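First up is the structure itself, then whatever we jot down about it.
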Amino acid sequence: FSGAWELLNEWALDGGLTYKRKDGIELGVRLIFVDSGDGENVDIVYRFCGRWGRTFPSKGLPFVKADPKKRETGDISGSEFKKYRFAKMGGDQILYEINTRHYKRITYNNLKVQRTVMQQQPPGFCEFPYDYDDAYFEMLRSEEQRSDGSFYCPSGRRNEGLDCRVYALCAGDVWLDSEVERVRRNYKAQGLSIMQLNQITGRVILDMLAASLKMSASLKESRPG
């Protein structure tokens with residue numbers, strides 16, 4: 001690898017994938033998606049993803065159905081609708097296909113959520129780094145929604161900011177779903193019933209994570225110096 005790919009690797013090795021909260025708690029990236037595209041860089045993306053752990057090639061689609069053979073019908077209702085799906089591309093390589101219509105709709109709805117005076121903001125409220133410039137927000141709002149619910153990017157507009165947000169939202173769902181399954185498997189081995197296992201949801205996992213981070217912050221504050 002060379003050029004931008006090698007610079008990206010050096011940035012990651014230098015701690016670029018670790019983010020620090022105001023209270024000093026460090027947060028590592030749990031899952032990474034790299035857009036595989038449709039052109040000459042597909043093979044490069046696949047090889048690069050194999051270089052890092054928890055890193056997968058991904059591809060955005062207008063809609064994703066449970067059965068990929070039916071995808072072209074455009075019907076995203078009922079049990080056929082999926083936020084994402086994955087497919088093995090040979091060997092151990094996995095490609096994630098992302099329902100971009102679903103996540104773009106979520107993104108634009110979240111941008112409408114107003115800040116409140118409460119310390120904890122409403123679900124979906126978006127926080128952004130202070131150094132994001134106008135160009136980023138122009139990309140984030142670059143696409144327009146048609147009457148049929150699909151999105152399109154008018155000619156001349158850049159939409160990388162929106163694409164990155166969409167892929168990150170999907171990666172969050174993939175990680176959370178995998179955590180739910182992992183915890184359910186652990187408790188199933190301990191003899192919990194199906195009803196008890198079904199009570200372990202994404203909300204439960206997020207609450208457990210928040211509690212863990214709160215405990216870490218408390219321990220950090222209690223340490224001398």
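The values are calculated or read from the model by the stated rules, or taken from the named source; none is laboratory data. As the structure is a prediction and not an experimental result, all values here were calculated from the model. Note that each Cβ is placed from the backbone with ideal geometry, even for glycine, and that neighbours are counted across all protein chains shown. Areas reflect the complete protein model, heavy atoms only, side chains present, ligands, DNA and RNA absent. Shrake-Rupley method; radii C 1.70, N 1.55, O 1.52, S 1.80 Å.
Straight-line reach from Lys188: which aspartates and glutamates fall under 19 Å, measuring Cα to Cα and dropping same-chain residues less than 8 apart?
Asp177, Glu179
First select every other residue whose beta carbon is under 13 angstrom from the beta carbon of Val42; then total the charges, Lys and Arg +1, Asp and Glu -1.
Details: positive: Arg47, Lys59; negative: Asp35, Asp38, Glu40, Asp43.
The answer is -2.
Calculate the dipole size of the chain relative to its Cα centre from +1 charges on Lys and Arg beta carbons and -1 charges on Asp and Glu beta carbons; express the result in debye to the nearest 20. Can you show the working numbers first?
Working: 34 positive and 31 negative charges, 192 e Å.
Computed about the Cα centre, the dipole is about 920 debye.
Pick out, in residue order, every one of the GluC sites (Glu not before Pro) in region 1-64 that is DSSP loop and has at most 11 other C-beta atoms within 10 Å; say none if there are none. Walk me through the intermediate numbers first.
Numbers: sites: Glu6, Glu10, Glu26, Glu40; in loops: Glu40.
Filter output for region 1-64: Glu40.
Determine the shape class of region 114-225: with a ≥ b ≥ c the square roots of the Cα gyration tensor eigenvalues, call it rounded for a/c under 1.5, and otherwise prolate if a/b is greater than b/c, oblate otherwise. Show your work: numbers first, answer last.
Numbers: a/c = 2.75, a/b = 1.47, b/c = 1.87.
Oblate, since a/c reaches 1.5 and b/c is not below a/b.
Around Tyr103, what is the net charge, scoring Lys/Arg as +1 and Asp/Glu as -1 over all other residues with Cβ under 9 Å from its Cβ? Mind showing how you got there, number by number?
Numbers: positive: Lys83, Arg101, Lys104, Arg105, Arg165; negative: Asp173.
Combined, the nearby Lys, Arg, Asp and Glu give +4.
Which lysines have a Cα less than 28 Å from the Cα of Lys59, not counting those fewer than 8 places away in the same chain?
Lys69, Lys70, Lys82, Lys83, Lys88, Lys104, Lys112
Could you check how much of the accessible area of the chain is carbon and sulfur, as a whole percent, using a 1.4 Å probe?
Numbers: 7910 of 15190 Å².
Carbon plus sulfur share of accessible area: 52 percent.
Is there a quick way to get the dipole size of region 147-192? I mean about its Cα centre, with the Cβ of Lys and Arg at +1 and of Asp and Glu at -1; what is the value in debye to the nearest 20?
Details: 7 positive and 7 negative charges, 36 e Å.
Charge dipole, region 147-192, about its Cα centre: 180 debye, nearest 20.
Once you sort the root eigenvalues of the Cα gyration tensor of region 3-62 as a ≥ b ≥ c, which label holds: rounded (a/c under 1.5), prolate (a/b larger than b/c) or oblate (the other case)?
On the way: a/c = 2.77, a/b = 1.76, b/c = 1.57.
Cα axes put region 3-62 in the prolate bin.
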